[in-house]
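Have a look at the structure below, then the notes.
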Amino acid sequence: MFMGQYEHTIDTKGRTIIPAKYREELGESFVVTRGLDGCLYLYPAPDWQEFVDKLKNLPSNLKNRQIQRQFLSKAMEVSLDKQGRILIPAMLREIAGLEKDITFVGMMNHVEIWDKARLEQEDVAENAELLETAMDELDISL
């Protein structure tokens, strides 16, 4: 399971080091794609296949085709180099606004990659009262 948060940088060519805590579970090659809320998602191959299978089994309608298009058309397989880095394609860097400082966030079955400043804005926008209300609605208690 992916959890935790790690800060790294991305170079001008689009290369970044994958946090050591995530490398084993991601494997030598894995998928990077557009995420939600302005980030990218990294999926290990088995979890990506499970996600694709769910997309494949959706009924064919406009909304479902749009969902399939958004995730599948932006998906790229990436591989770790000898230094534990990947090259994030320019199109995906642009989508997520990745320039220099980035943050990796473990999200159970996948990893999010955020522009550090964008993630900080998201964190500031979080409201503890709204979070508590949402948890109550989902019947989640800590």
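The values are calculated or read from the model by the stated rules, or taken from the named source; none is laboratory data. Everything numeric in this text was worked out from a predicted model, so none of it was measured. Using ideal geometry, Cβ is built from the backbone for each residue, glycine included, and neighbour counts are taken over all protein chains shown. The accessibility values were calculated without ligands, DNA or RNA, using every heavy atom of the protein model including side chains. Shrake-Rupley method; radii C 1.70, N 1.55, O 1.52, S 1.80 Å.
Using a probe radius of 1.4 Å on heavy atoms only, what accessible surface per residue do you get for the chain? Whole Å² is fine. Please report the intermediate quantities before stating the final value.
Numbers: 9170 Å² over 142 residues.
Per-residue value: 65 Å².
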(request) Using Cα positions and a limit of under 13 Å, work out the aspartates and glutamates in reach of Lys100, with same-chain residues fewer than 8 apart set aside. (result) Glu7, Asp11, Asp115
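How large is the direction-averaged shadow of the alpha-carbon convex hull of the stretch 1-55, in nm²?
Working: hull surface 18.9 nm².
Result: a mean projected hull area of 4.7 nm².
Can you tell me the equivalent ellipsoid semi-axes for the stretch 66-142? Use √(5λ) from the Cα gyration tensor, largest first, whole Å. List each step's numbers first, then the result.
On the way: eigenvalues 167, 54, 40 Å².
Taking √(5λ) for each Cα gyration eigenvalue gives 29, 16, 14 Å.
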(message) Accessible area of the chain with a 1.4 Å probe: how many percent of it is carbon plus sulfur?
(response) 52
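Find how much the distance from Lys56 to Glu122 grows on full extension, using 0.36 nm per residue of separation minus their present alpha carbon separation; answer in nm with one decimal. Display every interim value, and only then the final one.
Working: separation 66, 0.36 × 66 = 23.76 nm, distance 3.12 nm.
Extending this stretch completely gives an extra 20.6 nm.
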(message) Report the gain in length on full extension from Met108 to Gln83: 0.36 nm times residue separation, minus Cα-Cα distance, nm rounded to one decimal.
(response) 6.5 nm
(request) Springs between alpha-carbon atoms under 10 Å, Gaussian network over the chain: tell me which of Ser73, Ser60, Ser29 tops the mean-square fluctuations. (result) Ser60
(request) For Asn109, enumerate residues with amide H under 5 Å from its amide H, sequence gap 5+ or separate chain, H modeled in the peptide plane. (result) Phe2
(request) Specify which residue in the list Gly97, Leu87, Leu131 is farthest towards the positive end of the charge dipole of the stretch 82-134, using unit charges on the beta carbon of Lys, Arg (+1) and Asp, Glu (-1), about the Cα centre. (result) Leu87
(message) Taking every alpha carbon pair in the chain, what does the distance histogram look like in 10 angstrom bins from 0, in percent?
(response) 11, 38, 33, 17, 1
